[in-house]
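Here is the structure we will look at.
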């Protein structure tokens, strides 16, 4: 491991204030990171060793890191009930990812998911829609593609696929339920 | 003497100015002043020439309090404008006495900076250097190094770096990681069918990095190393178990919707025909034959129904056992694999694939006995082992006019602290191939042909189960899947992706080289654009990597021609280096490069034709500006007429202008053109 030549590291430009072992402001530090050297960092650590870093790298990334929880709360005294937290991506994606076994939870009085084009809901296991009053599916085209279950049309179920247009004709296919497993 | 004393007022400004140099006394002598019960900005100071070098003659506790003088920008506290003093025990301070020769009211004007050569020892006696750390100000050096200097150099107060902990461990002793997740990969939410495999691979890759970090001791020693690793493996096992649910569902869908339904349907038709024919032959009655055929088909309804009914249960049964298999696979990878190469990733997913096939055949197989008559030789295991859709998933276009969703993201993966990561496509065919081959090898193992002390169960005999997989030259029946440290690190890879286009290619130019031969490393000083590709709607990402993940910090950006009338429309026309990075392994026998052109990243405003542009070597460049003073073109020295020195270092272009501002120019490097050389002598061969 070797750092770049000393003459290529601009230590003259660096300015810092170290407030002790728990907090530091560092600017123009030529120490290289994955996204380039440091434009500025506010670096903090607890007496337990948990770290927090807020800053910007020369590659352009502004980062907020914290070993424990990051809490963002807005609008406590906003009596107008307007926008309290606003996250905007001006040109690209907005990602929210819960790693390991974390969950993404969204709770509000009303929730609107508004896509200009498509919405994909994907789950490795189950998707549950549980409304205490009504579920309305509204579209020009609404299809159900399931092998079993009480929403699956007879032609689409596994049995429906097997017995559809069976040579025996209607007497056989009439016995196949229009959904749901045969008990 | 008496007269002299009588004439003194002992008041600052009236009797001259009494300077002094002293040392802030140790923590124990400062009493409540530093424990929250103090008054003013004062510390006990031992002053040279006034106070003895012996604590017996004058104890530290008996030293006078010295007031600290603040700068005018600090704020005194009035109007809530305040900065507290940062004096530490052991600080060497300079001041004066408010009371002149009485020397009882010292004021501290300033503090001498500390160098790294000043000892940080415990307090041993007056005027000997000692540490500023106290019983209340401690630093174990784990995250921020212990530094008691404030020099303007590379050694003083080094900050933690934004590089992965695994890289920090290879740096000098005073290197620290700013954040341990830097370098890990995040896979975005996606409905792309191949994303499940990418997410699984990312989990395993990150796990290996974390385990290495813990094993190397970079995260401190809270709890045992093995306990931490077990906890990590448990978490990743749960995560991959959840992700595997998608693969299980896809594979079941493939069986039911694909092969099995078609096989049974064909079998039903055959059953009807044969029953019809035999009944007709026996009775001569078509209606009787038809009834008999239908009856034979109806008799199959319970058997087919049982298969349908079992569907929801099969998935839950497989998911109930898959965790154990995943944990076994992960532990083997941690034990044996030091580099999570593509073939190991494929084998890992292949192991899951085999386990799921085992689960499906185990539950569904017996049920197929009930419809044996109409199966028509359908082989469940063989069918599953031949279908890529099971792993990758399929999106069924449910009607002919249903538009398949499009995924416009420029990237689906992100390296924390670095940026977008090129997401490689999943080689499903390779996964199935290796899974089947490993399954065959496993059968051989059961037959006792091969004896290895690893439990394979139904997963298959994979290379990463073999402790030798990280030894150079490793080979097996599955091929050459060496999973040790890369044997050849040299060179930087430029991955250009996203932006809607394809086929742009660049070649890295390395300079600022340190070290020799195989140990030589350098920085990215330019990118030679080999091909601009086509179809780029927005600038693509430029990812810079190397085989051994040694290099870090190189960042580059692409420029796309968005002029519809241009011959290079929607092509990448330039790639410029934003940050040169360091520690990239140097390729052998690289070309020589010169500054070939100048990329105008931002044209600025207010420049004039008389402004000058020079590079680090003093070469001058021509400048052309438009009516608003924006730089529209920069001309380089003619490299075919001159022979400029090869560029071996990152270059900066400087604009000298009295009126212009905001322009950003970057040198564009290219392979040195053929140079004819200046004419030395003309030889007349005719006369």
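No value in this document is a laboratory result; all are computed from the given coordinates. The structure presented is a predicted model; accordingly, all values stated were derived computationally and were not measured. Here the Cβ is made from the backbone with ideal geometry for all residues, glycine too, and neighbour counts use every protein chain on show.
At R0 = 56 Å, how high is the FRET efficiency between residue A:94 and residue B:37 if r is their beta carbon distance? Nearest 0.05 is fine. Show your work: numbers first, answer last.
Details: r = 51 Å, r/R0 = 0.91.
So the FRET efficiency works out to roughly 0.65.
As a length-normalised measure over Cα pairs under 8 Å and 6 or more apart, the relative contact order of chain A settles at 8 percent.
Principal axis extents of the Cα atoms in region B:66-212, from largest to smallest and rounded to whole angstrom, are 85, 42, 28.
Checking the a/c ratio against 1.5 first, then a/b against b/c, what shape does the Cα gyration tensor give for the protein assembly as shown? Each step should come with its number before you reach the end.
Details: a/c = 2.43, a/b = 1.80, b/c = 1.35.
Prolate.
The value of relative contact order for chain B, using C-alpha pairs under 8 Å at least six residues apart, is 8 percent. Look at the Cα gyration tensor of region A:20-97: its axes a ≥ b ≥ c give a/c of at least 1.5 with a/b at or below b/c, and that counts as oblate. Applying 1/(1 + (r/R0)^6) with R0 = 22 Å to the Cβ-Cβ distance of residue A:136 and residue A:114 gives a FRET efficiency near 0.85. Between residue B:136 and residue B:205, the contour length at 0.36 nm per residue exceeds the Cα-Cα span by 20.7 nm.
Report for the protein assembly as shown the percent antiparallel among DSSP-assigned beta bridges with both residues inside it, nearest 5. Intermediate values should be presented prior to the final figure.
Working: 92 of 95 bridges.
Roughly 95 percent of the beta bridges in the protein assembly as shown run antiparallel, per DSSP.
Please say if chain A is rounded, prolate or oblate, where rounded means a/c under 1.5 for a ≥ b ≥ c the square roots of the C-alpha gyration tensor eigenvalues, and otherwise the choice is prolate for a/b larger than b/c and oblate otherwise? Walk me through the numbers on the way to the answer.
Working: a/c = 3.58, a/b = 2.52, b/c = 1.42.
Prolate shape, in that a/c is at least 1.5 and a/b is the bigger ratio.
Take the Cα of residue B:19, step 7 Å toward its Cβ, do the same at residue B:230, and the gap between the two points is 6.7 nm.
If the chain linking residue A:123 and residue A:64 were pulled fully straight, counting 0.36 nm for each residue of separation and taking away their Cα-Cα distance, it would gain 18.3 nm.
Computed from label points 7 Å out along Cα-Cβ, the spacing between residue B:602 and residue B:109 is 4.4 nm.
Modelled label positions at residue B:516 and residue A:86, each set 7 Å beyond Cα in the direction of Cβ, lie 6.2 nm from each other. Debye-formula intensities of region B:306-368, expressed as log10 I(q)/I(0) at q = 0.12, 0.27, 0.28, 0.29 Å⁻¹, are -0.38, -1.10, -1.15, -1.20 (one equal scatterer per alpha-carbon, no solvent).
Taking beta carbons within 10 Å but only from partner chains, what does the mean come to for residues A:49-60?
Working: counts 6, 1, 9, 2, 7, 0, 3, 0, 7, 5, 12, 5.
Rounded to a whole number, the mean comes out at 5.
Between residue B:62 and residue B:212, 0.36 nm times their residue separation minus their Cα-Cα distance comes to what? If you can, show how the numbers build up before the last one.
Values: separation 150, 0.36 × 150 = 54.00 nm, distance 5.42 nm.
Separation in residues times 0.36 nm, less the Cα-Cα distance, equals 48.6 nm.
Once the Cβ-Cβ distance of residue B:81 and residue B:316 is raised to the sixth power relative to R0 = 56 Å, the FRET efficiency obtained is 0.25. Compute the label zone of residue A:28 within region B:117-157: residues whose backbone N is under 20 Å from the point 7 Å along Cα-to-Cβ. Under 20 Å, as judged by backbone N against the label point of residue A:28, lie B:150-157 of region B:117-157.
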